[in-house]
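K.L.:
For reference, the structure I am asking about is given below.
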Amino acid sequence: PTGTNGKQRSPRRDSSARLGASFWLVCKGSRRYMSLIAVGTLFPAIPLAIVALNFRYTSLAGLMRQITSQLDASTLNGPGQAVLIDELSVMKKRMTLVKYALFLCGVAFIFNLAALYLGYFSLSGMEPVMMALTILSMIGGISCFCVETILSTKALNLHISGVLHRDATGRDGRA
């Protein structure tokens, strides 16, 4: 093949140019192709987020049970008991946020499956709507997770302040 200037073009460059042109034609001309790539990209990520959030939920529940049993079994009064109660209230807020994050990620997975189904079978123009709902649900879930992470720092600071207070006054509560 010859180029526009009459010189011989290399077959390698010619095939890569055709490949590049066909890729852009497919991407520009077919919204379905790009949507299925986006849906396929999120498909494995959402369950991984759900698993990570579920581990967080399970560990929070275990910590709440442990603190509750400490409060029930001990005769703590004063600052020690107040710190444990404050930790429990922060954990309750964290548990609620993790629960919402899990719910929203689960809804995102359902929307993602619907987008995959609609895109694969070319049933309607609803696929972009399902993909948008997937993304919005993930934004909500990740936002809840970010707020929960901020609260976990607050809970850790409460715990550390309780330990430092206990060490300053002595183990038996006297200075």
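K.L.:
On average over all directions, what projected area in square nanometres does the stretch 61-136 have, based on the convex hull of its Cα atoms?
P.N.:
The number I arrive at for the stretch 61-136 is 6.1 nm².
K.L.:
How large are Rg and Dmax for the stretch 116-162 when only the alpha carbon atoms are used, in Å?
P.N.:
Considering the stretch 116-162 through its Cα atoms, Rg and Dmax are 18.9, 59 Å.
K.L.:
Right, here's the next one. Quick one, what does Rg over Rh come out to for the stretch 35-166 if you take C-alpha atoms and the Kirkwood Rh?
P.N.:
1.19
K.L.:
Using a 1.4 angstrom probe on the protein heavy atoms only, line up SER152, SER143 by accessible area, largest first.
P.N.:
Listed by decreasing accessible area, they come as SER143, SER152.
K.L.:
Right, here's the next one. When ligands, DNA and RNA are left out and all protein chains stay put, how many square angstrom of accessible area per residue does the stretch 45-156 have with a 1.4 Å probe?
P.N.:
57
The values are calculated or read from the model by the stated rules, or taken from the named source; none is laboratory data. Quantities reported herein were computed from a predicted structural model and do not represent experimental measurements. SASA here: full protein model, heavy atoms, side chains in, ligands and nucleic acids out. Shrake-Rupley method; radii C 1.70, N 1.55, O 1.52, S 1.80 Å.
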